[in-house]
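Right, one structure below, let's go through it.
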Amino acid sequence: MKKLFTLLFISIFSLGIYAQDKVAKIEFESETIDYGIIEKGSDGVRVFKFKNTGNIPLIVTAVKSSCGCTVPKKPTAPILPGENGEIEVKYDTNRVNPIRKTITVTSNAVRPTVALKIKGTVIDSSKASVIEDKDKSVLEQ
């Protein structure tokens, strides 16, 4: 009877270890996109590229933005092991302000939640800018 329980315990333990080897892993080329300084109304679409480095299909279940000015688009199909995928992000560049937003990606990966960042500044060049006059001192202006 002892041998039966020992054999059963070892079998269950081995099965648990084997199951842990089958995982999806998401690796992004970069977790931050810097728009830099862009003009009001310019193209606000950027792409986060990633790869499934695991050994089962990666399923991105949700992609959410920290505000309504940023619209992310998640992949619809599973990303097979070794394959690449993209998450497209569109920022509303009609808002003249610094950009500091977070996109939260949820998946079946070992790291189930990843926070991606976008940053930059949207300017309106038709208006006078304080930034341009910073090269001169107060007396020279």
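Among the residues of the range 97-112, how many are out of contact with any Leu (no Cβ under 9 Å at 6 or more places or on another chain), under 30 Å from Gly54 (Cα atoms) and either open to solvent by 80 Å² or more (accessible area, probe 1.4 Å) or not in a strand (DSSP E or B) (or both)?
Counting residues in the range 97-112 that are out of contact with any Leu (no Cβ under 9 Å at 6 or more places or on another chain), under 30 Å from Gly54 (Cα atoms) and either open to solvent by 80 Å² or more (accessible area, probe 1.4 Å) or not in a strand (DSSP E or B) (or both) gives 3.
Rundown of residues vs (1) of a type in the set (Val, Ile, Thr); (2) open to solvent by less than 60 Å² (accessible area, probe 1.4 Å); (3) within 15 Å of Ile118 (Cβ to Cβ); (4) assigned to a strand (DSSP E or B), yes/no style:
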| site | (1), (2), (3), (4) |
| --- | --- |
| Lys22 | no, no, no, no |
| Glu27 | no, no, no, yes |
| Lys49 | no, no, yes, yes |
| Cys67 | no, yes, yes, no |
| Pro72 | no, yes, yes, yes |
| Pro75 | no, yes, no, no |
| Pro81 | no, yes, no, no |
| Glu88 | no, no, yes, yes |
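Taking the condition of being open to solvent by 30 Å² or more (accessible area, probe 1.4 Å) and not in a loop (DSSP other than H, G, I, E, B), how many residues in the range 51-65 meet it?
Count: 4.
The values are calculated or read from the model by the stated rules, or taken from the named source; none is laboratory data. All of these numbers come straight from a predicted model, not from anything done at the bench. When we count neighbours, we look across all protein chains shown, and the Cβ atoms used for this are built from the backbone with ideal geometry, even at glycine. Please note that ligands, DNA and RNA were not included when accessible areas were found on the heavy atoms of the full protein model with its side chains. Shrake-Rupley method; radii C 1.70, N 1.55, O 1.52, S 1.80 Å.
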